[in-house]
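Heads up, the thing below is written out as structure tokens.
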Amino acid sequence: MPATMPISSELIDRSITQALGHVFETMIKTPIQLLSSSDQIEPGQLPEGTQVMGCVGFVGQINGIIHLRFSEEFAVVATGRVLDMSPALVRAEGHEVIKDTIGELTNMSVGGFKNCFCDLGFPCKLTLPTIAWGERLNTPRIKDATRRVYIFENLGHRLLADLQMKEE
């Protein structure tokens, strides 16, 4: 099916907000709130200290990538909510259970975002999730891509969603 409408910044904003909203309400069982959006990462927006970053790309008539950045503490809390485990038990289980959960949350969020565009005639497929863990993580800039950075809040923690995409 050919695309029926142009990709506007409003459509991008609405699609990512709906996708993350649905995933967080379903998996973490609490609503997520959009605090701000811009076209670049501003100083002070990134979680302080150690971060857990999930990354999934999409390729087809639109190409891009979304990085979801959690503070380590939020990654532990989110994992506990998804798996119905206490933060202490999540920590005792180790990094693998957190990486698996953040990978799945990222995959589901990007899948929901991608589906909004597939439904409008921009077919694309997802890449496998990648998880990075550390301090001062950088995301490379995709040449000629539209970039939108979203700050969400959930359970008193902030989540940064870094979207870069372009239409083929």
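The values are calculated or read from the model by the stated rules, or taken from the named source; none is laboratory data. Predicted, not measured: the structure shown is a model, and the values here were computed from it. Note that we place each Cβ from the backbone using ideal geometry, even for glycine, and neighbour counts take in every protein chain shown.
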>> Condition first: of a type in the set (S, T, N, Q) and in a loop (DSSP other than H, G, I, E, B). Can you find one or more residues in the stretch 3-16 that meet it?
In response: yes
> Of everything in the stretch 20-45 that's out of contact with any Gly (no Cβ under 7 Å at 6 or more places or on another chain) and surrounded by 20 or more Cβ atoms within 10 Å (Cβ to Cβ), which residue is nearest to residue 116 (Cα to Cα)?
Replying inline: 20
> Any chance the stretch 83-96 includes a residue that's within 13 Å of the chain's Cα centre (by Cα) and either over 24 Å from residue 45 (Cα atoms) or surrounded by 15 or more Cβ atoms within 10 Å (Cβ to Cβ) (or both)?
Replying inline: no
> Which of the residues that make up the stretch 30-42 are closer than 20 Å to residue 142 by Cα and out of contact with any helix residue (DSSP H, G or I) (no Cβ under 7 Å at 6 or more places or on another chain)?
Replying inline: 38, 39, 40, 41, 42
> Got at least one residue in the stretch 29-44 being within 20 Å of residue 98 (Cα to Cα) and part of a strand (DSSP E or B)?
Replying inline: no
>> Going through 135, 72 one at a time, which residue ends up being acidic (Asp, Glu), touching a strand residue (DSSP E or B) at 6+ places or on another chain (Cβ under 8 Å), modelled with pLDDT under 95 and under 22 Å from residue 48 (Cα atoms)?
In response: 135
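When you look at residue 148, is it of a type in the set (D, E, K, R), closer than 22 Å to residue 28 by Cα and in a strand (DSSP E or B), yes or no? Step through it out loud before you land on a result.
Values: of a type in the set (D, E, K, R): yes; closer than 22 Å to residue 28 by Cα: no; in a strand (DSSP E or B): yes.
No.
Would you confirm whether any residue within the stretch 71-87 is of a type outside the set (Val, Ile, Thr) and part of a strand (DSSP E or B)? Break it down into steps so the answer makes sense when it comes.
First pass over the stretch 71-87, keeping only residues of a type outside the set (Val, Ile, Thr): 71-75, 78, 80-81, 83-87.
Narrowing further to those that are part of a strand (DSSP E or B): 71.
Yes: one or more hits.
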> Any residue in the stretch 16-27 that is in contact (Cβ under 8 Å) with a residue 12 or more places away in the chain and of a type in the set (Asp, Glu)?
Replying inline: no
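Being assigned to a loop (DSSP other than H, G, I, E, B) and within 23 Å of residue 11 (Cβ to Cβ) is true for just one of 49, 64, 121. Which residue is that? Before you say what the answer is, go through the steps one by one.
Numbers: 49 fails: within 23 Å of residue 11 (Cβ to Cβ); 64 fails: assigned to a loop (DSSP other than H, G, I, E, B).
It is 121.
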> Quick one: in the stretch 118-155, which of the residues that are under 17 Å from the mean Cα position of the chain (by Cα) and without any contact (Cβ under 8 Å) to a residue 12 or more places away in the chain is surrounded by the fewest Cβ atoms within 10 Å (Cβ to Cβ)?
Replying inline: 140
